[in-house]
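Asker: Would you mind keeping the following structure in view while I ask a few things?
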Amino acid sequence: MPASDDKQTAATPEAAGPGEPGTGTRTPSRRALLGWGGAGLALGAAAAGGTVAALSGGDETATAAASGSAVPFHGAHQAGVATAVQDRLHFAAFDVKTKDRAELVQLLKDWTRAAERMTAGLAVGEGAFGGLPEAPPDDTGEALGLKPSRLTLTIGFGPGLFAKDRFGLEDRRPKGLAELPKFSGDNLDPARSGGDLCVQACADDPQVAVHAIRNLARIGFGKVAVRWSQLGFGKTSSTTPDAQTPRNLFGFKDGTRNIAGTDGAALTKHVWVSENDGPAWLAGGSYLVARRIRMNVETWDRTSLQEQEDIFGRDKGKGAPVGKAKERDEPFLPAMLPTSHVRLAHPTSNGGARMLRRGYSFTDGTDGLGRLDAGLFFLAYQRDVDKGFVPVQRSLARDDLNEYIQHVGSALFAIPPGVRDTDDWWGRALFS
C-alpha cells in the first residue's frame, strides 16, 4: 500500500459476543425479540474456534487461505479491492425501495455493523440461536462453525441513487458515475444490469460468501430488494503476481499483467480516486465496472489450438506471449495478430489505461438448448472509467475473441472509501 495509513487496521479485540458457540446462556434482549436492530454492537476479534489473524491487503499465501484467517474490515480503503483475490464470489445488486433518506442511512449503518461481524467470523447481531423462540434469529446460521475464510464485503453506489427527487444526492453525484456507453456487440439484459447499490462478497468458502449476502438482504427486507446476483468461482485474475496465474474457462491464463495489491504507486495512479478528482466524499474510493460475459464454450472447444493461441496472443500451455518463453515476459505486440486479445487490451494500445481486475468464472446451468450458460463475471476497479474501462473496451471491438463471447450484463458503481473505525459506516461522507 502507498502509505501506512492506507493499510487495513484490525478491529478492537473483544470477547466473543452473545450467540457465539461456547458463550453459555444469556437472557433474551429486546433486540432478540424485535430482530436485528443495527444499534452499535461491539465487534469481537475472536471468532468461534480460534483467534482471528489479520492479513494485510496484498498478502496471499496457501497458509493464509487454509487457515481461514480474517481480513481486517477497517481501513482507508475498502477491503475486497486490492486485497488478495479469494477463490469464491457472491455479488449482488440491489434496488432501493424505501423513499425515506433516514431509513436508507440507518440501513447502511446496520449493514456496516453486520459486515464488521461477518468478516471477523462472528454471527450477525445476537446470533442464530439462543433467543426467544417466538422471534426470528439475528443470523441465518449457515456459517456457524465456519472460519472467516478471508471474507471481504465491498459496497458500491449506482447512478440511480443520485437521481433527482430521491435522496437529495443529485448534487453529489460523481462525474465518473455516468451511464456507460453502448459498446459494439453488447446484448445487455436489463434484468442482469444496473442497480442502486451493490455488495461484493469474496471468500475462500462459498458458503461464507453466500451467507454474507443472504444476511444483508434479510436485514434490508422492505427497504431494498435484490435486483440480480452472480455466483463466481475460480478467480480469473490475481492481485498477487508471485502467485500462480489462474485460467479462464477457455483454458488460458488471464490477468498476468494485473495491478498488484502491493503496488502502491500503481494503485494510487490507476485505482484510488484522489481528493483532486472530486467529489470529496469519494476520495480513497474507486469506480467498479461489472460485466457478465457469456462465453460460447461449445464453439470454442471445436476451434483449433493454433487459432485459439492466435486469438489470445499467448501460448496455451505456458501462458507466454507470442514469441516469448515465459508467461511474465514483456509482450512484443508486433509479433501478434492486430486483432489478438492481448495486443488490443495492452496498456500501450490504449494510452496507458490500466485497471485492477477481480474477475471470476461462472456456470449457471444450461440455456435450454443444451449449451452451458458459462462465462466470465468481469470486475474491474479504476480511478477514472473514461481512462480505464471505456478506451479498452472500445479497442476490443476489433478483438477476434468476440466471435466466442458476448457481454450480456453491465453495471457501474462508485466505491466509497473504507470504514475507518467502529463509529464510521458505509457512505457516511456521502450522506453527511
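The values are calculated or read from the model by the stated rules, or taken from the named source; none is laboratory data. If you're wondering where the values come from, they're calculated on a predicted model, not measured in any experiment. Heads up, the Cβs are rebuilt from the backbone with ideal geometry, glycines too, and the neighbour counts pull from every protein chain shown.
Asker: Based on this model, can you work out whether G261 counts as touching a helix residue (DSSP H, G or I) at 6+ places or on another chain (Cβ under 8 Å) and closer than 23 Å to V390 by Cβ?
Answerer: In short, no.
Asker: Any chance region 94-110 includes a residue that's of a type in the set (K, R), touching a helix residue (DSSP H, G or I) at 6+ places or on another chain (Cβ under 8 Å) and at pLDDT 55 or above?
Answerer: Yes: region 94-110 contains one or more residues that are of a type in the set (K, R), touching a helix residue (DSSP H, G or I) at 6+ places or on another chain (Cβ under 8 Å) and at pLDDT 55 or above.
Asker: Looking at region 299-324, which of its residues are of a type in the set (A, V, I, L, M) and either modelled with pLDDT under 95 or touching a Leu at 6+ places or on another chain (Cβ under 6 Å) (or both)?
Answerer: The one that is of a type in the set (A, V, I, L, M) and either modelled with pLDDT under 95 or touching a Leu at 6+ places or on another chain (Cβ under 6 Å) (or both): I311.
Asker: Considering only region 356-394, state which residues are without any contact (Cβ under 8 Å) to a residue 60 or more places away in the chain, outside any strand (DSSP E or B) and of a type in the set (V, I, T).
Answerer: V392, the sole residue that qualifies.
Asker: Let me ask something else about it. Take the residues in region 340-355 that are assigned to a helix (DSSP H, G or I) and in contact with a Phe, Trp or Tyr (Cβ under 9 Å, 6 or more places away or on another chain), then tell me which one is farthest from V271 (Cα to Cα).
Answerer: Looking at the filtered set, the residue picked out is H341.
Asker: Tell me which residues, restricted to region 202-236, are surrounded by 24 or more Cβ atoms within 10 Å (Cβ to Cβ) and out of contact with any Phe, Trp or Tyr (no Cβ under 7 Å at 6 or more places or on another chain).
Answerer: Within region 202-236, C202, A203, V208, A209, H211, A212, N215 qualify.
Asker: Only residues in region 255-280 that are over 16 Å from G352 (Cα atoms) count as the first member; pair them with residues that are of a type in the set (D, E) and buried (at least 21 other Cβ atoms within 10 Å of the Cβ), Cβ under 7 angstrom, at least 6 apart or cross-chain, and list the lot.
Answerer: none
Asker: Now, a different point. From the list L153, L161, pick out the single residue that is touching a Phe, Trp or Tyr at 6+ places or on another chain (Cβ under 8 Å), part of a helix (DSSP H, G or I) and buried (at least 22 other Cβ atoms within 10 Å of the Cβ).
Answerer: L161
Asker: Being crowded, with 20+ Cβ neighbours inside 10 Å, more than 25 Å from W111 (Cβ to Cβ), of a type in the set (S, T, N, Q) and touching a helix residue (DSSP H, G or I) at 6+ places or on another chain (Cβ under 9 Å) narrows it down to one residue among S349, S361, S395, S340; which is it?
Answerer: S340
Asker: Then there's this: Does region 134-144 contain at least one residue that is touching a Ser or Thr at 6+ places or on another chain (Cβ under 7 Å) and within 22 Å of L89 (Cβ to Cβ)?
Answerer: No, that holds for no residue.
Asker: Exactly one condition in (1) of a type outside the set (V, I, T); (2) surrounded by fewer than 19 Cβ atoms within 10 Å (Cβ to Cβ); (3) in contact with a Gly (Cβ under 7 Å, 6 or more places away or on another chain) is false for F378; which is it?
Answerer: Status for F378: all satisfied but (2).
Asker: For region 177-194, does any single residue satisfy the condition of being surrounded by fewer than 22 Cβ atoms within 10 Å (Cβ to Cβ), of a type in the set (S, T, N, Q), under 16 Å from the mean Cα position of the chain (by Cα) and at pLDDT 95 or above?
Answerer: yes
Asker: Here's something else I'd like to know. Looking for whichever is in contact (Cβ under 8 Å) with a residue 60 or more places away in the chain and either in a helix (DSSP H, G or I) or of a type in the set (V, I, T) (or both) here; the options are E116, E142. Which one fits?
Answerer: E116
Asker: Filter region 400-424 for residues that are crowded, with 21+ Cβ neighbours inside 10 Å, part of a loop (DSSP other than H, G, I, E, B) and not small (G, A, S) and give the result.
Answerer: Hits for region 400-424 are P416, P417, V419.
Rundown of residues vs (1) crowded, with 18+ Cβ neighbours inside 10 Å; (2) closer than 24 Å to R398 by Cα, yes/no style:
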| site | (1), (2) |
| --- | --- |
| P246 | yes, no |
| D254 | yes, yes |
| D277 | no, no |
| R294 | yes, yes |
| G313 | yes, yes |
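Asker: Within region 306-339, how many residues turn out to be over 26 Å from the mean Cα position of the chain (by Cα), in a loop (DSSP other than H, G, I, E, B) and basic (K, R)?
Answerer: Selection size over region 306-339: 4.
Asker: Next up: The conditions are (1) over 28 Å from A209 (Cα atoms); (2) in a loop (DSSP other than H, G, I, E, B); (3) of a type outside the set (F, W, Y), and L122 fails exactly one of them. Which is it?
Answerer: (1)
For (1) at pLDDT below 95; (2) hydroxyl-bearing (S, T, Y); (3) in a helix (DSSP H, G or I); (4) farther than 13 Å from A84 by Cβ, each residue gets a yes or a no:
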| position | (1), (2), (3), (4) |
| --- | --- |
| T240 | yes, yes, no, no |
| A243 | yes, no, no, no |
| F250 | no, no, no, yes |
| T268 | no, yes, yes, yes |
| D277 | no, no, no, yes |
| W281 | no, no, yes, yes |
| G284 | no, no, no, yes |
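Asker: Have a look at T119, T152 and point out the one that is hydroxyl-bearing (S, T, Y), closer than 19 Å to A201 by Cα and touching a Gly at 6+ places or on another chain (Cβ under 6 Å).
Answerer: Exactly one of T119, T152 is hydroxyl-bearing (S, T, Y), closer than 19 Å to A201 by Cα and touching a Gly at 6+ places or on another chain (Cβ under 6 Å), namely T152.
Asker: Kindly establish whether A429 is in a helix (DSSP H, G or I), under 30 Å from G168 (Cα atoms) and of a type in the set (G, A, S).
Answerer: Answer is yes for this residue.
Asker: So how many residues does region 66-79 have that are at pLDDT below 95 and touching a Ser or Thr at 6+ places or on another chain (Cβ under 8 Å)?
Answerer: Within region 66-79, residues that are at pLDDT below 95 and touching a Ser or Thr at 6+ places or on another chain (Cβ under 8 Å) number 1.
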